[in-house]
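The values are calculated or read from the model by the stated rules, or taken from the named source; none is laboratory data. Quantities reported herein were computed from a predicted structural model and do not represent experimental measurements. When we count neighbours, we look across all protein chains shown, and the Cβ atoms used for this are built from the backbone with ideal geometry, even at glycine.
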Amino acid sequence: MHHRHTLKTHLTGYLFISPWLIGFILFSLGPMLLSLFMSFTRWSLLSPPQWVGWENYREALFHDPLVYKSLWNTAYYTVFSVPLGVLFSLLLALLLNRNLKGQKFFRTVFFLPSVTNMVAVSILWMWIFNPEFGLLNRALSLAGVAGPLWLQSETWAKPALILMSLWGIGGGMIITLAALQGIAPELYEAAELDGARAGRRFCHITLPMISPALFFNLIMNTIGSFQVFTQAFVMTASSAEGSEGGPNNATLFFVLYLYKKAFQQFKMGYASTLAWILFVIILFFTILQFRLSRRWVYYESGGNRR
């Protein structure tokens, strides 16, 4: 009797999650398995795929210099954009956590850019980065500084996109703000009674208590930065044959290179190989961050580090 009741409970649970489960199998797991198979083939979409074994992987890892160029560009973008994004999300959350006039209005204003369509945002920032009449160089000229060419410069193209990435920190700001508001005021009161100053309260109460939120932002920002594509494609990628991303491939990010292989050169098998290489890289750094999180992420249950 108990066994039948347990079986009925499990079936009921699976019934409720079946819409998501069916969607996941059809639109996520299925395409992933198909792309894994295609990574071992040569397929141009116009002819049946031909099995080539590990040839695509050997080509990508040992004979294609643009793979490592795109990985370097992506790593450069990740190393700078992720810490800056987490830091500015934290600073903005601390600012908006104060009891200020118009607090709700400013929270909305800072959050809205993070849900704006990235193509529209990219077009806006193309105007901002325009070296002749762009808003940024005009502002620099008022301070007596000659602005660079930004997207037209091999040196400044990636820093420009990193600067642009700060436009979307509103999502991380909301998560950090929620964590800040979840800290019990009694902790600060007890610290003040013990004579702890603001700096010590921030380091020993605020940071440990919001570390799970910071860790979440770190993980999501890292995954997102490895998949940077839209802004580079809209703002710097040329559609000319043989041309890649930005001046001298300065913004040829890995996903942009994957896109060009798949939808401009119609090398779907090779593009699938690149996709799985990226999957392994993201998986590696995600696991690494989870391992390192044991040293600095604190959870409230039992007051122990996990």
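Descriptive notes on the structure:
- Pair list, Cβ under 9 Å, 6 or more apart: the stretch 1-26 residue modelled with pLDDT of 90 or more, other residue among the hydroxyl-bearing types (Ser, Thr, Tyr): LEU21/TYR14
- Apart from one condition, SER114 fits all of (1) in a helix (DSSP H, G or I); (2) loosely packed, with under 13 Cβ neighbours inside 10 Å; (3) of a type in the set (Gly, Ala, Ser); the exception is (2).
- Selection status of LEU207, hydrophobic (A, V, I, L, M, F, W, C), surrounded by fewer than 19 Cβ atoms within 10 Å (Cβ to Cβ) and assigned to a helix (DSSP H, G or I): yes
- Any pair with Cβ under 6 angstrom, 6 or more apart, that starts in the stretch 264-285 at a residue that is under 8 Å from SER39 (Cα atoms) and ends at one that is among the aromatic types (Phe, Trp, Tyr) and surrounded by fewer than 18 Cβ atoms within 10 Å (Cβ to Cβ): THR273/TYR57
- The one condition from (1) among the hydroxyl-bearing types (Ser, Thr, Tyr); (2) in a loop (DSSP other than H, G, I, E, B); (3) in contact (Cβ under 8 Å) with a residue 40 or more places away in the chain that SER81 does not meet is (2).
- Among the residues of the stretch 198-256, those identified as at pLDDT below 90 and of a type outside the set (Gly, Ala, Ser) are THR236, GLU241, GLU244, PRO247, ASN248.
Yes/no matrix, rows are residues, columns are (1) surrounded by 13 or more Cβ atoms within 10 Å (Cβ to Cβ); (2) at positive phi; (3) under 21 Å from the mean Cα position of the chain (by Cα):
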residue: LYS69; (1), (2), (3): yes, no, yes
residue: THR74; (1), (2), (3): yes, no, yes
residue: LEU100; (1), (2), (3): no, no, no
residue: GLN152; (1), (2), (3): yes, no, no
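- Some residue of the stretch 172-193 being within 16 Å of the chain's Cα centre (by Cα), under 19 Å from THR78 (Cβ atoms) and in a helix (DSSP H, G or I): yes
- Looking at LEU66, LEU71, LEU100, LEU61, just one residue is touching a helix residue (DSSP H, G or I) at 6+ places or on another chain (Cβ under 9 Å), more than 24 Å from PHE216 (Cβ to Cβ), in the same structural domain as GLY246 (by TED's automatic domain parsing) and not in a helix (DSSP H, G or I), and that residue is LEU100.
- Meets criteria (closer than 30 Å to PHE133 by Cβ and either surrounded by fewer than 16 Cβ atoms within 10 Å (Cβ to Cβ) or in contact with a strand residue (DSSP E or B) (Cβ under 7 Å, 6 or more places away or on another chain) (or both)) for GLU189: no
- In the stretch 119-146, of all residues being among the aliphatic types (A, V, I, L, M) and buried (at least 16 other Cβ atoms within 10 Å of the Cβ), the one that is farthest from VAL228 (Cα to Cα) corresponds to LEU136.
- Out of PHE229, PHE216, one residue alone is in contact (Cβ under 8 Å) with a residue 12 or more places away in the chain, surrounded by 15 or more Cβ atoms within 10 Å (Cβ to Cβ), closer than 25 Å to PRO65 by Cβ and not aliphatic (A, V, I, L, M). It is PHE229.
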